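A.B. asks: Shown below is the structure under consideration.
The values are calculated or read from the model by the stated rules, or taken from the named source; none is laboratory data. Fair warning: this is a prediction, and the values are worked out from it, not measured in the lab. FYI the Cβ positions are ideal-geometry reconstructions off the backbone, even for glycines, and counts take in every protein chain you see.
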Amino acid sequence: MAKNKTVLVTGASGFVGGALARHLAGQGMTVRALVRDRAKAAYIDGVPGVELVDGDLGHELSLRKAVQGCAQVYHVAAALGGSPDHQTQVNVEGTRLLAAAAAQAGVQRFVHVSSIAIYGFGRSLPDVITEDTPPAPSNYAYTITKRAAEGVLRLIAAQTGMAYSIIRPGMIYGPRSNPWTVQMSALATRFPVIPFIGDGRGHIAAVHIDDVVSMCALAGEHPSAAGQAFNCAADPGVTWRDFLTAYAKHSGRSGRWLGIPTGLVRLFMPLVKLTAPAGSIVKDMPAVLDHHLRPVVYSNEKARRVLGWQPHWPIEDGLTDAAAWLASR
């Protein structure tokens, strides 16, 4: 990895952006960490090689200033929830403004952190999903806007010649992960048994934060990554039962399973869908349920073959690392 260059990381006060900023600074790069609220950036504030810069994906001038002199842009910031309009403004229009500013500034590579959510959910998807798998229809605003963000980036790249790469992570766990470490551990340890829909033999597309960061860093430098998208998730897959049971056992629990009958859940779905807000993942819940009951794998073969990327954390070791962090808190 080339050193002594300046790069921009958006979403740097968040979980993934913060980890990526620290990693790139540790590799000898000067990292401009774009933040909206410095109070939330304690994890990276004061780290050697990291400079906090104020900016917002909705403020074009702040983005133009932030990208000046940067060799690479790592676009991590995103709206994970909120109204469809809000997610469109952040995920689509924010990406448009940032990519246009980067291209105008002569940025050499734009690495966009997308999501496996772009594929959607449901029975129309195969058991093995590659980067070429056609996405399923969706009502979920995050899915829709992250797909659109990829399209916006490709369009600007085609118009300007800017090189780009797209990373599609799965459920990112590990130290500092709230949904997939803190909350999943709480679910696994709050009760004498683990309550979950079905027998837990469907797959979770888990990936350790360090492996996401290493793929992003590779995508920013590797010549063959230009113009390519890469899945970043466990392959082979890991079952929900194994994932949650590991958290339970690391906390000294038995990890016994309480399978909630899927038929009972399906019975209430029409009412739940009806009352869910527009753009909510609940609007896709029948398809989401079908998806997570299946042994679906998001293949990372392309990243291994094209980038020479290898995940550092096998799932068992990664969960041990996550559990150790939880214990240290």
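A.B. asks: Does Ile209 satisfy the condition of being in contact with a strand residue (DSSP E or B) (Cβ under 6 Å, 6 or more places away or on another chain) and either closer than 23 Å to Gly151 by Cβ or buried (at least 24 other Cβ atoms within 10 Å of the Cβ) (or both)?
C.D. replies: Against the criterion (in contact with a strand residue (DSSP E or B) (Cβ under 6 Å, 6 or more places away or on another chain) and either closer than 23 Å to Gly151 by Cβ or buried (at least 24 other Cβ atoms within 10 Å of the Cβ) (or both)), Ile209 qualifies.
For (1) closer than 16 Å to Val111 by Cα; (2) buried (at least 22 other Cβ atoms within 10 Å of the Cβ); (3) among the aliphatic types (A, V, I, L, M); (4) at pLDDT 95 or above, each residue gets a yes or a no:
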{"site": "Ile166", "(1), (2), (3), (4)": "yes, yes, yes, yes"}
{"site": "Met171", "(1), (2), (3), (4)": "no, no, yes, yes"}
{"site": "Arg190", "(1), (2), (3), (4)": "no, no, no, no"}
{"site": "Phe230", "(1), (2), (3), (4)": "yes, yes, no, yes"}
{"site": "Arg241", "(1), (2), (3), (4)": "no, no, no, yes"}
{"site": "Thr262", "(1), (2), (3), (4)": "no, no, no, no"}
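A.B. asks: Shifting gears a bit: Would it be correct to say that Pro277 is exposed (fewer than 14 other Cβ atoms within 10 Å of the Cβ), not β-branched (Val, Ile, Thr) and not in a helix (DSSP H, G or I)?
C.D. replies: Criteria met by Pro277.
A.B. asks: Looking at Ala136, Ala105, Ala117, Ala99, can you tell me which residue is touching a Gly at 6+ places or on another chain (Cβ under 6 Å) and either touching a residue at least 12 places away in the same chain (Cβ under 8 Å) or polar (S, T, N, Q) (or both)?
C.D. replies: Ala136 is the lone residue from the list that is touching a Gly at 6+ places or on another chain (Cβ under 6 Å) and either touching a residue at least 12 places away in the same chain (Cβ under 8 Å) or polar (S, T, N, Q) (or both).
A.B. asks: While we're looking at this one, here's another question. For segment 19-46, give me the residue count where each residue is out of contact with any strand residue (DSSP E or B) (no Cβ under 8 Å at 6 or more places or on another chain) and either modelled with pLDDT of 95 or more or part of a loop (DSSP other than H, G, I, E, B) (or both).
C.D. replies: 9
A.B. asks: Identify all residues within segment 243-260 that are in a loop (DSSP other than H, G, I, E, B) and buried (at least 18 other Cβ atoms within 10 Å of the Cβ); write none if there are none.
C.D. replies: Matches in segment 243-260: Gly255 only.
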